[in-house]
Structure formats: structure tokens, C-alpha cells
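Each remark here refers to the structure printed beneath this line.
The values are calculated or read from the model by the stated rules, or taken from the named source; none is laboratory data. Computed from a prediction, not measured in an experiment: that's the story for all the values here. Cβ: placed from backbone, ideal geometry, glycine included. Neighbour counts: every protein chain shown. Heads up: the accessible areas ignore ligands, DNA and RNA and are worked out on the full protein's heavy atoms, side chains in. Shrake-Rupley method; radii C 1.70, N 1.55, O 1.52, S 1.80 Å.
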Amino acid sequence: MAKENETPIIETRDLTIRFGGHVAVDHVSMAVNPFVLKSIIGPNGAGKTTLFNLLTGQYKPTEGKVFLKGEDITRLGIADRTRLGMGRSFQLTNIFPLLSVLENVRVAIQAREGVGLNFWRNYLHFSAYEDEAYEILKEVLLDDKWAKPASDLTHGEQRKLEIAILLSLKPEILFLDEPTAGMSQEEVPAILVILERLKDSRDRTMLLVEHKMDMIMTLSDTIAVLQDGRLIADGDPEEIYQSEAVQAAYLGGGVKGE
């Protein structure tokens, strides 16, 4: 866990973005310490995914700044931020459906190592990458599916594979945007187990956008709450649970009841 006086790994100062006359993120100042799991929650349309897009470089802010380990990265794009250790999942899965589960992860490892696809190279050259890929598949509970085409996986399994691909890039900061989106109720517990394992390892920082409030309260070290693009609360789960502002944002008690 981070010490109180430690430099935040991610920090925003007055971060703002406008789309025409609409302010989607409104002067958000927020700090994330290293090796914690911080969740970002709020009602629909609160600006959660837009904030993720600002943090990871998909969008450039209208005002304000983003800092990584104290360095201003506001004007850096997605590729530069990825090289600096940011890894991002999206609400929709992003995999290679015709490759096997193992190959999906191996290709990501090759990209990390700067080794492109070479169909003329003997497969034995890739054995070390395949070993690493298999170990990552164990982390996300997909090792028994390693030989299957990715297209044969269920939606929940494809979400696991996307997390595996992200892990293969060895990001310092893992951004997970609604990792249980579109899943059946039966598939959600496995994702919860994976996220708990990743959190407990304490070897990376995790930022999570998720609507399942019981999951948020179970996993999070700290929680930031957005409403209409503004940060209305930021604290540990108990503080958020007791916050009158948060209760009002969720229509007078949605957080406690969900």
C-alpha cells in the first residue's frame, strides 16, 4: 500500500472536457496512489468513461492537466501513455477471434517485446512467449481453454481473455472499463475472483469503472463518485457508503440498496 506522503501514480487537476455546450467532465481533481484499486462510480451519464478516456489519452482535455508519477502527460497520446505503463480495457471485447486463446496472448507478448509476426520463423522461437502466455491464462482462469479459437469462448470468457492480453503488456496501471458488461449472472463471480487476485498481488495500480455496487464495495480501496461530470465524493468504501451526497446522487439510497 502507498504511504500517505507518496507521490500519486495518477493525478488530475481541474480536468475538464466540453463537447459543444455540454461539460462532460467538470474540473475534476483526483489523486490515485500506487498499488491500490480505485473505483470510479456514478449514475448513467456521470462522465465515468469520458474520464477514463482523458486519463488514457483517447481525449484531450479542454482545461486541466493529467500527471503520471508527478510528470505532466496531458498532451501525450494513447501510444505514448501505453509505453509509459497504462493498459486499458473497453466495454466491448477487443480480441483476435480467429486465433487461439493462447495465440491471442502470445501475440500481445511479442508486441511488448518488439517481435512482430513472422510466419517463416520456426515456432520453437516462440516457445518462451507461449510459456509466459500460458502462465497468464492461469491467472485469468482460462488455461483449460488455451487451444480453443477465441471466437468459441463465451462472452464472459472473452472478457477474461481481454484481461489476459492486457496483463501480457505488463502495465503499471490497469484501467478496466465495466469488465462485467454484458455478462450473465453466472459469469460474474469468476471475474470477481480474477480482480481480487490482481488486487491482492499489489504489484500494479488498478482503476475500475463498474455498475455492480456490491462488487465495488468488496474490491475497492478507494472510490471516486461522479455526478454530472463533477467529483462529488472520494474516499474509502465506508465513507462513500455513508455519504449523503452519494445517496442523493443515487436517488436517495441506491448505493446501500444495490
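When you scan the stretch 78-99, how many residues do you find that are open to solvent by 20 Å² or more (accessible area, probe 1.4 Å), at pLDDT 85 or above and of a type outside the set (Phe, Trp, Tyr)?
At the first step, the residues of the stretch 78-99 found to be open to solvent by 20 Å² or more (accessible area, probe 1.4 Å) are 78-80, 82-84, 88, 90-99.
Applying the additional criterion that residues be at pLDDT 85 or above yields 78-80, 82-84, 88, 95-99.
Those left that are additionally of a type outside the set (Phe, Trp, Tyr): 78-80, 82-84, 88, 95, 97-99.
Selection size over the stretch 78-99: 11.
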The stretch 169-214, subset more than 30 Å from TYR129 (Cβ to Cβ) and open to solvent by less than 10 Å² (accessible area, probe 1.4 Å), residue farthest from the chain's Cα centre (by Cα): MET213
Residue check, GLU6 assigned to a strand (DSSP E or B), of a type outside the set (Phe, Trp, Tyr) and either over 26 Å from LEU198 (Cβ atoms) or open to solvent by 30 Å² or more (accessible area, probe 1.4 Å) (or both): no
Selected residue (only one of LEU167, LEU141, LEU137, LEU195 is on the phi > 0 side of the Ramachandran plot and either modelled with pLDDT of 95 or more or of a type in the set (A, V, I, L, M) (or both)): LEU141
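How many residues are of a type in the set (Val, Ile, Thr) and over 15 Å from the mean Cα position of the chain (by Cα) if we restrict to the stretch 215-224? Walk me through how you get there before you give the answer.
Initially, the stretch 215-224 is screened for residues of a type in the set (Val, Ile, Thr), giving 216, 218, 222-223.
Right, trim to over 15 Å from the mean Cα position of the chain (by Cα) and you get 218.
Qualifying residue count for the region: 1.
For the stretch 41-56, which positions are touching a strand residue (DSSP E or B) at 6+ places or on another chain (Cβ under 8 Å) and not in a helix (DSSP H, G or I)?
Our first condition is that a residue be touching a strand residue (DSSP E or B) at 6+ places or on another chain (Cβ under 8 Å); within the stretch 41-56, this holds for 41-43, 46-52, 54-56.
Residues satisfying the conditions are ILE41, GLY42, PRO43, ALA46, GLY47.
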VAL28, sole failed condition from (1) more than 16 Å from the chain's Cα centre (by Cα); (2) among the β-branched types (Val, Ile, Thr); (3) part of a helix (DSSP H, G or I): (3)
Matching residues, the stretch 9-55, being touching a Pro at 6+ places or on another chain (Cβ under 8 Å), open to solvent by 30 Å² or more (accessible area, probe 1.4 Å) and under 17 Å from GLN227 (Cα atoms): none
Qualifying residues in the stretch 144-156 (those that are at pLDDT below 95 and in a helix (DSSP H, G or I)) - the one most open to solvent (accessible area, probe 1.4 Å): HIS155
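Here are some residues: GLN247, GLN227. Which one is open to solvent by less than 60 Å² (accessible area, probe 1.4 Å), closer than 23 Å to GLU11 by Cβ and more than 15 Å from the chain's Cα centre (by Cα)?
Values: GLN247 fails: closer than 23 Å to GLU11 by Cβ.
Going through GLN247, GLN227 in turn, just one is open to solvent by less than 60 Å² (accessible area, probe 1.4 Å), closer than 23 Å to GLU11 by Cβ and more than 15 Å from the chain's Cα centre (by Cα): GLN227.
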